[in-house]
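The structure appears right after this line, and notes come after that.
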Amino acid sequence: MSNLGTLGRGILSGFTQLIYPNTCWTCGVVMPPEQRAVCAICMPRLTVDPFPTCPRCSSTVGPHLTLEHGCPACTDESFAFYQVFRMAPYEGLLREVILRMKLWTGEDLAEAIAGLWAKHMANRLAAFQADVVIPVPLFWTRRWRRGFNLADILAAALARELAVPCWPRALRRVRATPPQTGQTSASGRRENVKHAFQAAGRSTSLARASYSSMTFSPPAPRPVRPPDRYGRSNRRRSESPCLPTAGSPWDTLVSAAVW
């Protein structure tokens, strides 16, 4: 009887593969049934960073630099976060996939890739013991045109992997800004999003209530941010909204940003 059951499941699986083949989301190659999301060839191209990076801003660095206080690109900068993690350089297949996810047709692809990236990034962020994941919002007109916010999808997947809450309404984007790709300098990118975000009423109230009832030990690591559209969890210069810093009611925040 068990042999018949196994045979039946095999036939059903074969028909399913015939009608809905298990293909790679990025290159379209047919994969074995047990393979998920992307094929073995595309996987390292989306999740492996071949270069050494600055532990502070995630820029690619040379092999002989002293990075205790950051790299030459960030050592004199003041950031609103503690550390940056990037998935990989913004080039090749990674860049292509990110651009596809940003299209109005890219939501399904984003769901598949977000789960993949979350599994890889969660292992690196686990030591920070994050309390909450907060996606950075789009302005309402851009969200309406696209139909979804890619940062919401990335944040939800990461929150599931870290087993912490995701607060998609903790931040509000209060003004529309030109695309960051049109800014030619770091200072221009900073100015472009300056005062573009506000903490929503619910998160502000929770922060005040928590702060009045809690005491804090020495500051924990400051907020870190998972990959943005350039494969980094934040741009090299700070363009993040004002988030609670170390020692606030949330000791560690993870903010998902995609511009």
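The table for this structure:
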| item | result |
| --- | --- |
| Protection proxy ranking of 52-64, 181-193 - average other beta-carbon atoms within 10 Å, highest first | 52-64, 181-193 |
| Long-range HN-HN contacts of Val132 with modeled amide H, under 5 Å | Val254 |
| Computed lengthening from Arg36 to Lys194, 0.36 nm per intervening residue step minus Cα-Cα distance | 52.9 nm |
| Mean Cβ count within 10 Å, highest first, over the residues of peptides 164-176, 83-95, 26-38 | 83-95, 164-176, 26-38 |
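Throughout, read-outs are computed from the coordinates displayed, never taken from laboratory work. This one's a predicted model, so the numbers in the text were calculated from it and none came from an experiment. Methodologically, a virtual Cβ is constructed for each residue, glycine included, from the backbone with ideal geometry; neighbour enumeration extends over all protein chains shown.
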